[in-house]
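Quick notes on the structure that follows.
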Protein chains: 2
Amino acid sequence: MKHNLIIADDHKMFLDGLLSILKTESNYNILYTAKHGGHVKKYITINTEEKIDLVITDVTMPEVDGIALNKWIKKTNRNIKTLVVSMHNSPKIIDELIESNVDGYLQKNAQKEEFLQAIETILGGEKYFSKEIKDIYLQNKFEKNKEKEIKLTKREVEVISLIAEEFTTQEIADKLFLSKHTIESYRKNLITKLNVRNLAGLTKYAIKKGYVSS
Amino acid sequence: MKHNLIIADDHKMFLDGLLSILKTESNYNILYTAKHGGHVKKYITINTEEKIDLVITDVTMPEVDGIALNKWIKKTNRNIKTLVVSMHNSPKIIDELIESNVDGYLQKNAQKEEFLQAIETILGGEKYFSKEIKDIYLQNKFEKNKEKEIKLTKREVEVISLIAEEFTTQEIADKLFLSKHTIESYRKNLITKLNVRNLAGLTKYAIKKGYVSS
DNA sequence: TTATAAATCCCTGTTTTCGGGGATGCTTAT
DNA sequence: ATAAGCATCCCCGAAAACAGGGATTTATAA
């Protein structure tokens, strides 16, 4: 029996490419293609009688993006599988998708064979992630756990950012309308908290966290 | 008269997508599609009689990549236009391509309209780069020029690295078997030379240059 | 409601950084 | 050969950072 697919991507070219490789396989039936997630939600909502096996979706789309669409599908229709394809492999996106139970993730520059492999795997009831994606996800989890205990407060983030921007204690105090003693306390606490030795360590931390750009 | 195109990309899906949007326009004639640059070189070398207007190529391909292919084409056949498409927009790649006289550059996630626009522009004899790509290129040039004069000596690199690794002047002096005054001089010179204000600035510079990891 | 965490401020003393100087050899190009 | 650049060392004084305490008020969570 044929499997029913929906594809969502606002890039005509990618869509055409995907359709062309799916056409070579005879056992897929493309129910619907959409330019953004909202259309897919509407389609699924209306066609309740239809068996939908898999939604293939891009991440970046206007209005309702792939992440939101995946969340919505997984919340409302747990028997619809989802495969997300994306240009980029940002740990944040991957994490959010996996946490919301996506069935597979592929980079857009994957080869034809991998696409078909992923679709087959997912329709068979398993998850599909390339080794690279799994590594990114785990690496991210690992780092988060390592740094979990260390939570900086809003003020601390403000202060460490300004430190990394090369301002002195007095300047930061003036900027934030605080006493220089206060900033000194923050610096001291940050050095202890982050287990570093001096401004260089604080600066590196700020860069790693993206509070400032190097 | 129809324009003759060659397309090189090792991703079947992208190729199919591109072909499908080119098919909607009747005035393009696809002479040849290839999985890597070497095939294109061979094709061009053999078919000397044929008028080839434009080669559209991916950057990352096995064996001969898009950058090498573009260089080769521009060196041997100055009347063949080139359009490079890529997943990413790394300043390095963009710079290298523009310096070797590519006629256009597009990200793979561009919309159909932009693809056709780019091809038309290039066939009309002009260059095509999106505003974003131009910005990246110029930004890169600007930064390179800004940093060109600033050349750190071996010793300076050693010292700034250790500073960014959170060692104090005295510790660095001990490590390098130098007087603490020497290290102080280096620190002072570095701050002046690099036009920063303090250790935070030095640390950021060291990270940007890859002397230490954040 | 009662801890706990966050934000703010203060003191003392030591060490380091920072911003000026300048000096001496030793290479390396011009 | 002479200038320029590099590596090394030194001094001084002011400013800032570092290390170690502690205190108060206001949210917030247990």
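Some notes on this structure:
- Scanning the stretch B:166-214 for residues that are more than 18 Å from A:Leu199 (Cβ to Cβ), within 12 Å of DNA strand D (Cβ to nearest atom) and under 31 Å from the mean Cα position of the chain (by Cα) yields a single hit, B:Lys193.
- The stretch A:64-80, residues that are part of a loop (DSSP other than H, G, I, E, B) and out of contact with any Lys or Arg (no Cβ under 9 Å at 6 or more places or on another chain): A:Asp65, A:Asn77, A:Arg78
- Count - residues of the stretch B:158-171 that are within 14 Å of chain A (Cβ to nearest Cβ) and either open to solvent by 70 Å² or more (accessible area, probe 1.4 Å) or more than 8 Å from DNA strand C (Cβ to nearest atom) (or both): 8
- Scanning the stretch A:1-20 for residues being surrounded by fewer than 20 Cβ atoms within 10 Å (Cβ to Cβ), within 23 Å of A:Asn109 (Cα to Cα) and among the hydrophobic types (A, V, I, L, M, F, W, C) gives a total of 1.
- Of A:Leu106, A:Leu97, A:Leu152, A:Leu138, all but one fail to be at pLDDT below 95 and within 16 Å of DNA strand C (Cβ to nearest atom); the exception is A:Leu152.
Here's the yes/no breakdown for (1) touching a helix residue (DSSP H, G or I) at 6+ places or on another chain (Cβ under 7 Å); (2) crowded, with 21+ Cβ neighbours inside 10 Å:
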site	(1), (2)
A:Ile30	yes, no
A:Thr33	yes, no
A:Gly38	no, no
A:Asp58	yes, yes
A:Lys74	no, no
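- Total residues in the stretch B:81-107, condition under 19 Å from A:Asn89 (Cβ atoms) and assigned to a helix (DSSP H, G or I): 1
- The set of residues in the stretch B:112-135 being polar (S, T, N, Q) and modelled with pLDDT of 90 or more consists of B:Gln117, B:Thr121.
- In this structure, A:Leu97 does satisfy being over 20 Å from A:Glu25 (Cα atoms), open to solvent by less than 40 Å² (accessible area, probe 1.4 Å) and away from chain B (no Cβ under 14 Å).
- Positions within the stretch A:176-214 being more than 11 Å from DNA strand C (Cβ to nearest atom) and either in a loop (DSSP other than H, G, I, E, B) or exposed (fewer than 14 other Cβ atoms within 10 Å of the Cβ) (or both), in sequence order: A:Thr192, A:Leu194, A:Asn195, A:Val196, A:Lys209, A:Gly210, A:Tyr211, A:Val212, A:Ser213, A:Ser214
- Filtering B:Lys35, B:Lys71 for residues that are charged (D, E, K, R) and over 24 Å from A:Glu113 (Cβ atoms) leaves a single hit, B:Lys71.
- Of the numbered criteria (1) more than 12 Å from DNA strand D (Cβ to nearest atom); (2) in a helix (DSSP H, G or I), the one B:Ile163 fails is (1).
- Residue-level analysis places B:Ile119 outside the set of residues that are open to solvent by less than 30 Å² (accessible area, probe 1.4 Å) and farther than 25 Å from B:Thr24 by Cβ.
- Some residue of the stretch A:4-22 being away from every other protein chain (no Cβ under 14 Å) and in contact with a Phe, Trp or Tyr (Cβ under 6 Å, 6 or more places away or on another chain): yes
The values are calculated or read from the model by the stated rules, or taken from the named source; none is laboratory data. This structure is a prediction, so every number in the text was calculated from the model and none was measured. With ideal geometry, Cβ positions are generated from the backbone for all residues, glycine too; neighbour counts draw on all protein chains shown. Surface accessibility is based on the protein's heavy atoms, side chains included, excluding ligands, DNA and RNA. Shrake-Rupley method; radii C 1.70, N 1.55, O 1.52, S 1.80 Å.
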